[in-house]
Structure formats: C-alpha cells, structure tokens
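Participant: Handing you a structure now.
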Amino acid sequence: MENLDILLQRYEEANNSHDWEKVKEFIHPEASYFFTDGTFIGIEQIKKAVCDTFACIENEIYTVSEIVWVAQNQTTAVCRYLFHWKGEVKGKTKEGNGRGTNVWVKENEIWLITHEHLST
C-alpha cells in the first residue's frame, strides 16, 4: 500500500504553498471540514475558509507531527495528528496549535480527504 505518511506530507506542503489550486487536489468535492471557527461542507465552502485563512496569515509555516494512522485499508484511511502554525497576522508574529483528524478515501487510484477536523 502507498506510504500514507508521504501523502500527508504532500498535503502539508500544499497548505504551506498557500496556493488553493495545490490544496484542492487533495480534497473530495463533497468533503466536510470542521474548524474551531465553523463547519464547511463541500468544496466551495472549504475553498472560502481555506483562502480566508491564507489571506490573513502571511509567511505561514504549518506542520503536522505525532501522526497516527488509526485505520486503513485499500480504500479508506484515517489519521490523527498534532498541528502547529506560525506566521504574521496584521504584521505581528502569531502561532497556534491543536489536534487534527483526516478521513481519506481512495477513488480512481487517488487519495482524497472526505473529512478534516481541526480543533485548538
């Protein structure tokens, strides 16, 4: 089976690019994202939430650590992890951290996130 840690690392890199086109390659069109500040269902709501975050945090570095794949088979994988971000918000250095959970499905040989839950 494909190395899922590498998949998550590629997703982390896409988020660090602050390029929506790179990030959306990992997201199922009907995904749901639960963030501390709201629930976002479907690619358009997720795009707005992610792009709003990108717009407000400059020079962001986003990292995940302590990754545990709690379930996986040929078509489904679930992981939990810790995340940390650091960047500039309105010219001041800010940072935060929390816990994350991703649910991935494999469709047409491509792994996509169907659910992400980040909480601080």
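The values are calculated or read from the model by the stated rules, or taken from the named source; none is laboratory data. The structure presented is a predicted model; accordingly, all values stated were derived computationally and were not measured. Every residue, glycine as well, gets a Cβ built from its backbone with ideal geometry; the counts of neighbours run over all protein chains shown.
Participant: Within the bounds of region 40-52, is there any residue that is touching a residue at least 40 places away in the same chain (Cβ under 8 Å) and either in contact with a strand residue (DSSP E or B) (Cβ under 8 Å, 6 or more places away or on another chain) or aliphatic (A, V, I, L, M) (or both)? Step through it out loud before you land on a result.
Facilitator: Step one: list which residues in region 40-52 are touching a residue at least 40 places away in the same chain (Cβ under 8 Å), which gives none.
There is no residue in region 40-52 that is touching a residue at least 40 places away in the same chain (Cβ under 8 Å) and either in contact with a strand residue (DSSP E or B) (Cβ under 8 Å, 6 or more places away or on another chain) or aliphatic (A, V, I, L, M) (or both).
Participant: Does I57 fit the bill of being aliphatic (A, V, I, L, M), surrounded by 13 or more Cβ atoms within 10 Å (Cβ to Cβ) and touching a Pro at 6+ places or on another chain (Cβ under 9 Å)?
Facilitator: no
Participant: From the list A77, A71, A49, pick out the single residue that is surrounded by fewer than 17 Cβ atoms within 10 Å (Cβ to Cβ) and under 16 Å from the mean Cα position of the chain (by Cα).
Facilitator: From the options A77, A71, A49, the qualifying one is A49.
Participant: Now, a different point. Would you confirm whether any residue within region 16-36 is within 20 Å of G96 (Cα to Cα) and among the β-branched types (V, I, T)?
Facilitator: Yes.
Participant: Tell me which residues, restricted to region 1-57, are modelled with pLDDT of 95 or more, β-branched (V, I, T) and part of a loop (DSSP other than H, G, I, E, B).
Facilitator: I57
Participant: Let me ask something else about it. State whether one or more residues within region 79-87 are aliphatic (A, V, I, L, M), in a strand (DSSP E or B) and at pLDDT 95 or above.
Facilitator: Yes, there is a match, as at least one residue in region 79-87 is aliphatic (A, V, I, L, M), in a strand (DSSP E or B) and at pLDDT 95 or above.
Participant: Moving to a separate point now. Out of all the residues in region 14-46, which are closer than 18 Å to Y81 by Cβ and loosely packed, with under 12 Cβ neighbours inside 10 Å?
Facilitator: Answer for region 14-46, where residues must be closer than 18 Å to Y81 by Cβ and loosely packed, with under 12 Cβ neighbours inside 10 Å: just T36.
This table checks each residue for (1) surrounded by fewer than 15 Cβ atoms within 10 Å (Cβ to Cβ); (2) closer than 21 Å to I41 by Cβ; (3) not charged (D, E, K, R).
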{"residue": "I67", "(1), (2), (3)": "no, no, yes"}
{"residue": "W85", "(1), (2), (3)": "no, no, yes"}
{"residue": "G91", "(1), (2), (3)": "yes, no, yes"}
{"residue": "G96", "(1), (2), (3)": "yes, no, yes"}
{"residue": "V103", "(1), (2), (3)": "no, yes, yes"}
{"residue": "N108", "(1), (2), (3)": "yes, no, yes"}
{"residue": "L112", "(1), (2), (3)": "no, yes, yes"}
{"residue": "E116", "(1), (2), (3)": "no, yes, no"}
{"residue": "S119", "(1), (2), (3)": "yes, yes, yes"}
